[in-house]
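S.K.: Handing you this structure, nothing more for now.
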Amino acid sequence: MPAKGDKAPTLQSPVVIIFGAGASRGGLEKTSGAPPPVDRDFFDIANQLSGHGTPKLTKRVLKDVWQLYGKTNGVGLETYYRDLETRAIIGEFAKTSNQPKDWHKRRKD
């Protein structure tokens with residue numbers, strides 16, 4: 001911050017400012033029905049959204065999360081997606097003897 005009387009620095013164009021999910025959450029939490037999700041509560045917040053087919057897709061994904069972890073609360077989106085991608089890659093060369101899960105479909109959902 002410039003000292004009193006000093007001219008503030010000007011930004012050169014173009015400028016890119018990147019905020020994390022926590023920054024956007026603080027600004028939007030009071031203006032919308034559900035706050036923007038962060039990684040650790042992504043599935044909790046997604047379950048509160050409605051419209052545009054969201055509840056149907058959310059139920060399908062939450063069912064997959066439950067089958068994989070035995071819980072939905074506290075499972076991070078990044079952890080879930082990493083596990084799906086890893087299992088899909090491993091499934092390409094190491095076939096299981098039991099019924100394999102469709103990891104690619106889960107990742108698409």
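The values are calculated or read from the model by the stated rules, or taken from the named source; none is laboratory data. These numbers come from a predicted model, not from an experiment. For neighbour counting, all protein chains shown are included, and Cβ atoms are generated from backbone atoms with ideal geometry for every residue, glycine included.
S.K.: Return the residues of the range 1-50 that are modelled with pLDDT of 70 or more, within 18 Å of the chain's Cα centre (by Cα) and among the small types (Gly, Ala, Ser); say none if nothing qualifies.
M.R.: Ala46, Ser50 - these are the residues of the range 1-50 that are modelled with pLDDT of 70 or more, within 18 Å of the chain's Cα centre (by Cα) and among the small types (Gly, Ala, Ser).
S.K.: Being small (Gly, Ala, Ser) and without any contact (Cβ under 8 Å) to a residue 12 or more places away in the chain is the filter here, so list the residues in the range 85-109 that pass it. It would help to see each step written out before you state the result.
M.R.: Just the residues of the range 85-109 that are small (Gly, Ala, Ser), to begin with: 88, 91, 94, 97.
Once the filter is applied, which keeps residues that are small (Gly, Ala, Ser) and without any contact (Cβ under 8 Å) to a residue 12 or more places away in the chain, the range 85-109 yields Ala94, Ser97.
S.K.: Looking at the structure I just gave you, is Lys95 surrounded by 14 or more Cβ atoms within 10 Å (Cβ to Cβ), at pLDDT below 85, basic (Lys, Arg) and part of a loop (DSSP other than H, G, I, E, B)?
M.R.: On the way: surrounded by 14 or more Cβ atoms within 10 Å (Cβ to Cβ): no; at pLDDT below 85: yes; basic (Lys, Arg): yes; part of a loop (DSSP other than H, G, I, E, B): yes.
In short, no.
S.K.: List every residue pair whose Cβ atoms lie under 7 Å apart, where the two residues are 6 or more positions apart in sequence or sit on different chains, the first residue falls within the range 56-84 and is surrounded by fewer than 16 Cβ atoms within 10 Å (Cβ to Cβ), and the second residue, located anywhere, is of a type in the set (Gly, Ala, Ser).
M.R.: Going by the 7 Å Cβ cut-off, there are no qualifying pairs.
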